[in-house]
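Visitor: Mind looking over this structure? Questions follow.
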Amino acid sequence: MAPSQRVASLAAVIATPVMDAPTHQRRGVAGPRRARRLAAAVVTATATLATVVTTTAQPAAGLSRPVPGDTVNIDHSYATTPRMILRSEGWRNTTAASLKKTADDAVSTGLRDLGWKTVSFDDTWAVRGDCTDWDANATVVPNCKDGRDTATGNLIPSPTKYPNGLKDVGDYLHGKGMFFGVYASGGKYMCDSGGRATAAPGSYDNFEKDFKFLASVGADYIKLDYCGEPNTSNKCCYTVLDSDTEINTAIESARRAAAAINAIKTDADPAKRRSMVLNISAPAYANWKNDTYDTPLYQRMMNSIGPAGHAYRIGGDVGATSWAGTIGLVDMVEQMRSYGKQGHFLDPDRLYFDDSVLTSDSKLGGYAMWAMQNSHMVAIVRNSNASGAISATQANLMKKADLIAVGQDALAVPAKRVARGTGYDVFAKPLSNGDYAVAIMNRSATAPVTATTWGSVIGTSAKTFTLSTILGPDVSSIDAAGGFSVTVPAGSTAMYRLKVAPTAAYTGWNFGLGGSVARNATAITDGDAPTAGTWDASGRTLSSDRLAGNAQLPNGTPLSVKAGQTVTVGGVGYTWPNTTSGNFDSVKPLGQTIDYAYNGSTVNFLGASGSGEAGGTIRLNYSDGTSSTSTWGFPSWNCAPATNYPATVAFRVFGRNDTRGPADLGTGFCVYTKSVSIASGKSLASITLPNAPSVRVFAIKVT
């Protein structure tokens, strides 16, 4: 949850925090900018209070440049599907014991094995800036100055909540086969001060130190909140970001965070290296009421922060629980779907499993839509005794393997609203094996609705297909035109997997009958659907439009490269992937073996790398059980010369797609050929590729 505590002194005068409130809203009724604006309202009656809460923006101390410059790209390759987070208790109630209990129950209930593998804490884990602990007496912690250890400068875990430190928890979770989720703030302070003047320190000026500390205790996931806005004097709490200065500072903060994580991942000391997933909360404060996501200021923020994170909180804390609230979040994510793609996931806030108001159908309906839209998932485990135990009721709601498979599908394409009927929406999501996930969402909380749609609306031209029920009522029949109807109960979502009836084997690859299975990545997109795939760390891809009309051979001869077309280069005829946007069109080498039984003297590859030159050792496996190896790889698609993995330019295409559409139209991007010799007298059986995840192979041909 993005936090929502108002200025502590204002909270102390006007309201007392409610310790068992369900969300971060308990941190205060007034919001960040509201606290700023409340000053004007109360200045006449209470001059002293007005002085305390006025937060006129000041220049950001330590800001390296007034307008953020170079993009910092975090490595998105290790977070290709949305995280599934178990938050152990409300943030003030989380302890080492509750985290361990949540992990124990995740294992025993089977949730871990279904993908709920990260157990996390939120705010109030660290000693506050006045060096007080979170016990009832706010005990002063020794060897502390401004909330940091006087010897190391590190943040100090609460001795009351974490008596053996954070590494004790990290080691325990890892021993259970789980990941450790932690919390930090990209501002000057964390959010909740517990009614005191100062919250725990933020990381704005200390990203490298703080993230190294979190890495040392075993952190795998960081929720990066954004309180103590650096342009204000606030020592806690959030600020609504609605000015250029504030947005620029937040962007700068996110980039610093990404740079710190990149540095840890590539530390010179292998023992200190760690890959940590980063969820950036700052966008939430630029869209706190979920009504400014279409403004240029917010869109600039999302475009700038996108490369720096793996996930992004996109709006305010969930309010009063209702089906209408779920609908509103789904609508918002649909409008923002261009920002979501593989390695970049939108976080509309927590799921409602711990809620006592919504029906089970409505809880599951939200769960289904989060999976359809590839949203980052957070489920809070909440108990009156703060034990961290996962109830059987909650576990049973969450144990939906087929639903989770849709949310964790490798293609990672967010669902699109493909139709809207009277009282319902139809969403479709292409899946990596060629199926589609289909969701029909009833917008009414009080009345069932009968919805009708067709396979052609969902995305397939096939008239013969099956619909496997994931959630909701079964579909009784599918007509000859591929149409079907279903009655969806009030306040719920029906969800299905559409599988087209088998047809002839795909022949676009020379990979034999299993050829299409070898494809595992989408690197080519249409200009009007640029987020349907991702290649480099910024989500850029080759453009099918530019390939068709703006490519040329090395000698300058114009070339049109279209789906299914034979592209002849150096006397070798390659078949360009016969796929459409959003479907797998290439092979990402991850050490896999591809069956490829052909006779010839040479294996020819058509491909490129999306991030510098890349490759490794390729192994050709022969029918007699022997094999041969060679150095294999490709230069970067930016056409830079390669030292370790040279290859021959096959063609250049001018322009590509970024996350917004066509881009770099005057720049040439290269696709290369690379050949490997087959041992004399041998018959090729299969190919084992190296681990080179930035490479994409578009075609293979034996000659």
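The values are calculated or read from the model by the stated rules, or taken from the named source; none is laboratory data. Just so it is clear, the model here is predicted, and its values are computed rather than measured. Neighbour counts run over all protein chains shown; Cβ positions are idealised from the backbone, glycine included.
Visitor: So is ASP267 surrounded by fewer than 22 Cβ atoms within 10 Å (Cβ to Cβ), more than 20 Å from ASN287 (Cα to Cα) and in the same structural domain as ASN154 (by TED's automatic domain parsing) or not?
Guide: Values: surrounded by fewer than 22 Cβ atoms within 10 Å (Cβ to Cβ): yes; more than 20 Å from ASN287 (Cα to Cα): yes; in the same structural domain as ASN154 (by TED's automatic domain parsing): yes.
It is true that ASP267 is surrounded by fewer than 22 Cβ atoms within 10 Å (Cβ to Cβ), more than 20 Å from ASN287 (Cα to Cα) and in the same structural domain as ASN154 (by TED's automatic domain parsing).
Visitor: Here's a check for you: in the range 606-629, which residue that is part of a loop (DSSP other than H, G, I, E, B) and free of Cβ contacts under 8 Å to residues at least 40 places away in the same chain is nearest to GLN592 (Cα to Cα)? Quick ask: steps written out before the conclusion?
Guide: Initial filter on the range 606-629 (part of a loop (DSSP other than H, G, I, E, B)): 610-613, 623-626.
The next check asks that each one be free of Cβ contacts under 8 Å to residues at least 40 places away in the same chain; those that pass are 613, 625.
Values: GLU613: 20, GLY625: 17 Å.
The qualifying residue nearest to GLN592 (Cα to Cα) is GLY625.
Visitor: Can you tell me which residues in the range 402-418 are aliphatic (A, V, I, L, M) and under 20 Å from the mean Cα position of the chain (by Cα)?
Guide: Our first condition is that a residue be aliphatic (A, V, I, L, M); within the range 402-418, this holds for 403-406, 410-413, 415, 418.
Across the range 402-418, the qualifying residues are LEU403, ILE404, ALA405, VAL406, ALA410, LEU411, ALA412, VAL413, ALA415.
Visitor: Filter the range 576-593 down to the residues that are touching a Ser or Thr at 6+ places or on another chain (Cβ under 6 Å) and assigned to a strand (DSSP E or B) and list them by number.
Guide: Listed by number, the list holds a single entry, THR593.
Visitor: Are there any pairs, at least 6 apart or on different chains, whose C-beta atoms fall under 6 Å, with the first in the range 187-205 and of a type in the set (S, T, N, Q) and the second in a loop (DSSP other than H, G, I, E, B), and if so, which?
Guide: Qualifying pairs under 6 Å: SER193/ALA199; SER193/CYS236; THR198/ARG128; THR198/GLY129; THR198/ASP130; THR198/LYS235.
Visitor: Run ARG300 past the list (1) basic (Lys, Arg); (2) outside any helix (DSSP H, G or I); (3) farther than 30 Å from ASP171 by Cα; (4) out of contact with any strand residue (DSSP E or B) (no Cβ under 8 Å at 6 or more places or on another chain) and report the number of the one that doesn't hold.
Guide: (2)
Visitor: If I go through the range 456-476 residue by residue, how many of them are free of Cβ contacts under 8 Å to residues at least 60 places away in the same chain and under 24 Å from LEU364 (Cα atoms)?
Guide: 9
Visitor: Tell me the residue from ALA650, ALA663, ALA640 that is out of contact with any Asp or Glu (no Cβ under 6 Å at 6 or more places or on another chain) and in a loop (DSSP other than H, G, I, E, B), please. Lay out the reasoning, then the answer.
Guide: On the way: ALA650 fails: in a loop (DSSP other than H, G, I, E, B); ALA663 fails: in a loop (DSSP other than H, G, I, E, B).
Result: ALA640 is the single residue among ALA650, ALA663, ALA640 that is out of contact with any Asp or Glu (no Cβ under 6 Å at 6 or more places or on another chain) and in a loop (DSSP other than H, G, I, E, B).
Visitor: Being surrounded by 21 or more Cβ atoms within 10 Å (Cβ to Cβ) and either farther than 22 Å from ASP435 by Cβ or hydrophobic (A, V, I, L, M, F, W, C) (or both) is true for just one of GLY549, GLY571, GLY539. Which residue is that?
Guide: Numbers: GLY549 fails: surrounded by 21 or more Cβ atoms within 10 Å (Cβ to Cβ); GLY571 fails: surrounded by 21 or more Cβ atoms within 10 Å (Cβ to Cβ).
Only one candidate passes the filter, namely GLY539.
Visitor: Would you check which residues across the range 334-355 are within 17 Å of the chain's Cα centre (by Cα) and closer than 26 Å to SER88 by Cβ and list them?
Guide: First, pick out the residues of the range 334-355 that are within 17 Å of the chain's Cα centre (by Cα): 334-351.
Answer for the range 334-355, where residues must be within 17 Å of the chain's Cα centre (by Cα) and closer than 26 Å to SER88 by Cβ: PHE345, LEU346, ASP347, PRO348, ASP349, ARG350, LEU351.
Visitor: Taking THR295 as the residue in question, decide whether it is crowded, with 19+ Cβ neighbours inside 10 Å, hydroxyl-bearing (Ser, Thr, Tyr) and not assigned by TED's automatic domain parsing to the domain that holds GLY539.
Guide: Details: crowded, with 19+ Cβ neighbours inside 10 Å: no; hydroxyl-bearing (Ser, Thr, Tyr): yes; not assigned by TED's automatic domain parsing to the domain that holds GLY539: yes.
In short, no.
Visitor: List the pairs whose first member sits in the range 111-122 and is over 14 Å from ALA395 (Cα atoms) and at pLDDT 95 or above, whose second member is buried (at least 23 other Cβ atoms within 10 Å of the Cβ) and among the basic types (Lys, Arg), and whose Cβ atoms are under 6 Å apart, counting only residues at least 6 apart or on separate chains?
Guide: THR118/ARG83; SER120/ARG87
Visitor: Quick check on the range 375-422: of everything there that is more than 17 Å from PRO348 (Cβ to Cβ) and of a type in the set (Val, Ile, Thr), which residue is surrounded by the fewest Cβ atoms within 10 Å (Cβ to Cβ)?
Guide: Once the filter is applied, the top-ranked residue is THR422.
Visitor: Something else about it: Take the residues in the range 343-356 that are assigned to a loop (DSSP other than H, G, I, E, B) and either out of contact with any helix residue (DSSP H, G or I) (no Cβ under 9 Å at 6 or more places or on another chain) or under 16 Å from TRP288 (Cα atoms) (or both); name whichever of them is modelled with the lowest pLDDT.
Guide: First pass over the range 343-356, keeping only residues assigned to a loop (DSSP other than H, G, I, E, B): 343, 348-356.
Now restrict to residues that are either out of contact with any helix residue (DSSP H, G or I) (no Cβ under 9 Å at 6 or more places or on another chain) or under 16 Å from TRP288 (Cα atoms) (or both): 343, 348-350, 356.
Values: GLY343: 89, PRO348: 96, ASP349: 95, ARG350: 94, SER356: 84.
Looking at the filtered set, the residue picked out is SER356.
Visitor: Which pairs do you get when a residue that is under 21 Å from THR460 (Cα atoms), found in the range 555-583, comes within reach of a residue that is buried (at least 19 other Cβ atoms within 10 Å of the Cβ) and of a type in the set (Asp, Glu), reach meaning Cβ atoms under 7 angstrom, with the pair 6+ apart or on two chains?
Guide: Correct list of pairs: PRO577/ASP585; THR579/ASP585.
Visitor: Could you tell me how many of the residues in the range 129-182 are in a loop (DSSP other than H, G, I, E, B) and either of a type in the set (Asp, Glu) or closer than 30 Å to ASP104 by Cβ (or both)? First the steps, then the outcome.
Guide: First pass over the range 129-182, keeping only residues in a loop (DSSP other than H, G, I, E, B): 129-131, 133-139, 141-143, 146-147, 150-154, 156, 158-164, 176-178.
Subsequent filtering for residues that are either of a type in the set (Asp, Glu) or closer than 30 Å to ASP104 by Cβ (or both) retains 130, 133-136, 139, 141, 146, 154, 156, 158-164, 176-178.
Counting residues in the range 129-182 that are in a loop (DSSP other than H, G, I, E, B) and either of a type in the set (Asp, Glu) or closer than 30 Å to ASP104 by Cβ (or both) gives 20.
Visitor: GLY115 is checked against (1) in the same structural domain as ARG255 (by TED's automatic domain parsing); (2) surrounded by 24 or more Cβ atoms within 10 Å (Cβ to Cβ); (3) under 20 Å from SER275 (Cβ atoms) and fails just one. What number does that condition carry?
Guide: Only one criterion in (1) in the same structural domain as ARG255 (by TED's automatic domain parsing); (2) surrounded by 24 or more Cβ atoms within 10 Å (Cβ to Cβ); (3) under 20 Å from SER275 (Cβ atoms) is unmet by GLY115, namely (2).
Visitor: Is it the case that ASP149 is among the charged types (D, E, K, R), more than 30 Å from ASN396 (Cβ to Cβ) and either modelled with pLDDT of 95 or more or out of contact with any strand residue (DSSP E or B) (no Cβ under 9 Å at 6 or more places or on another chain) (or both)? Spell out the reasoning first.
Guide: Numbers: among the charged types (D, E, K, R): yes; more than 30 Å from ASN396 (Cβ to Cβ): yes; either modelled with pLDDT of 95 or more or out of contact with any strand residue (DSSP E or B) (no Cβ under 9 Å at 6 or more places or on another chain) (or both): yes.
The answer is yes for ASP149.
Visitor: Something else now. If ALA529 satisfies every condition in (1) surrounded by 15 or more Cβ atoms within 10 Å (Cβ to Cβ); (2) in contact with a strand residue (DSSP E or B) (Cβ under 6 Å, 6 or more places away or on another chain); (3) closer than 29 Å to PHE345 by Cβ but one, which is the exception?
Guide: The one condition ALA529 does not meet is (2).
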